[in-house]
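Asks: This is the structure I have questions about; it appears just below.
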Amino acid sequence: MADAVKAALTSLRKADLAAIKALRLVGRILQQTLSEPALVPCTFRAGGKTYRGLVTRKQRARIMDVSGSTALIMEKRLLGLLKMARLPVAELVDVLPDHAKAIGDGITPAHFRPKSAKVPDSLGRCNYVNSDGAADCVDSVLKADCDALPNGNFAVGMTCAH
């Protein structure tokens, strides 16, 4: 069985890197240097196993609050942090295509416009098998995040049925 804690930690690092990249791009547009959180090493225990990863300082503090707990508690903490990292970037991405098209229409003659850009994965919910071996759900994740979780099944949509 895949390790849900490890998968959530890996997805969190990827989400953090995507958020930092988005901050840099927004900074370029605004012609400002925006504050970027640094990724720092984080080592913790959950369910009798030791995990290591890169997270922000604030995320590390939240993780350390539950270090030494069960794998399920740590998994839920990591998935909550993942959701917090993914939502703002997804909201920004959702509004960009319309604005980018309007800008492009204003400055680019029609025959020079690119045909289309690849649309990023939408956020959705993921049904998966949690660290206790039970069916579970997490929302506001990318399909790639879901694919990393044990038996992950992705569906576009922002909420899980509780």
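Bear in mind that the values in this text are calculations on the coordinates, not laboratory data. This is a predicted model, so every value here is computed, not measured. So basically every Cβ, Gly included, is an ideal-geometry build from the backbone, and we count neighbours across all protein chains shown.
Asks: If we sort 78-90, 19-31, 143-155 on the protection proxy, mean other Cβ atoms within 10 Å, highest first, what's the order?
Replies: Details: 78-90: 20.5, 19-31: 13.0, 143-155: 18.5.
Listed from highest to lowest mean packing, they are 78-90, 143-155, 19-31.
Asks: Which whole-number percent gives the relative contact order of the chain, counting Cα pairs below 8 Å spaced six or more residues apart?
Replies: On the way: 230 pairs, mean separation 38.1, N = 162.
Value for the chain: 23 percent.
Asks: Which of LEU149, CYS42, VAL66 sits farthest toward the positive end of the charge dipole of the chain, with +1 on the Cβ of Lys and Arg and -1 on the Cβ of Asp and Glu?
Replies: Selected residue: CYS42.
Asks: Cα atoms only, the chain: Rg and Dmax in Å?
Replies: 18.1, 61
Asks: Count the lysine pairs in region 4-116 whose Cα atoms lie under 14 Å apart, taking only pairs 8 or more positions apart in sequence or on different chains. The partial results should precede the final answer.
Replies: Numbers: LYS6/LYS14; LYS6/LYS49; LYS6/LYS76; LYS14/LYS83; LYS101/LYS115.
Lysine pairs satisfying the spacing and distance rule in region 4-116 number 5.
Asks: Mean Kyte-Doolittle of at least -1.0 and a Cα length of 20 Å or more along the axis: which whole DSSP H helices of the chain meet both?
Replies: Working: long enough: 4-30 (38 Å, 0.82); 71-107 (53 Å, 0.64).
Helices passing the filter in the chain: 4-30, 71-107.
Asks: With a point put 7 Å past each Cα toward its Cβ, work out how far GLN32 is from THR50 in nm, to one decimal.
Replies: 4.3
Asks: To continue, here is another question. Can you list the cysteines of the chain that have no other Cys Cβ under 4.7 Å away?
Replies: Cys with no partner Cβ under 4.7 Å: CYS42.
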